[in-house]
Amino acid sequence: MTFTDDMLYRPCISIFLLMLTCTALLGQGTGHPFYKFTHFTSQDGLPQNSILAILQDDMGYLWFGTDDGLARFDGYQFTVYKHQFQNPNSLNNNVIRGLVQDKNGYIWISTEGGASTSMTLLPLPFVLCETVN
């Protein structure tokens, strides 16, 4: 009895198909969470579509730094913060490069000009800190 290539490939293909079917069946109903992704744009309230920095704070808010301001998302809507020329408690620059929250609950905002701005979560005044180059 001689083996042909066909005799060798059939068992391999059968085993592969059996493994593929078992994997598909076992993968269903494993309790893995279903993640829903929603794509937000400036039409939904973001100041700009390009996100440069993201932070989720201790209260669960999502903060997005863009080239045109800072946005806070509460799960339903965006609140946008921008530089206001006559307001010393506003952002010092609209280009947000970095966001971090410290252990005291302050959110530190790195802006385009190299300055750091600090804010508390409630209320929301922005406090200009020293410039870091």
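The values are calculated or read from the model by the stated rules, or taken from the named source; none is laboratory data. From a predicted model like this one, the values you see are computed outputs, not experimental measurements. Heavy atoms of the whole protein, side chains included, go into the accessibility calculation; ligands, DNA and RNA do not. Shrake-Rupley method; radii C 1.70, N 1.55, O 1.52, S 1.80 Å.
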Could you grab me the full set of residues in region 67-78 that are open to solvent by less than 50 Å² (accessible area, probe 1.4 Å) and under 20 Å from F37 (Cα atoms)?
-> A71, R72, F73, G75, F78
Can you find even one residue in region 36-48 that is assigned to a helix (DSSP H, G or I), modelled with pLDDT of 90 or more and open to solvent by 70 Å² or more (accessible area, probe 1.4 Å)?
-> yes
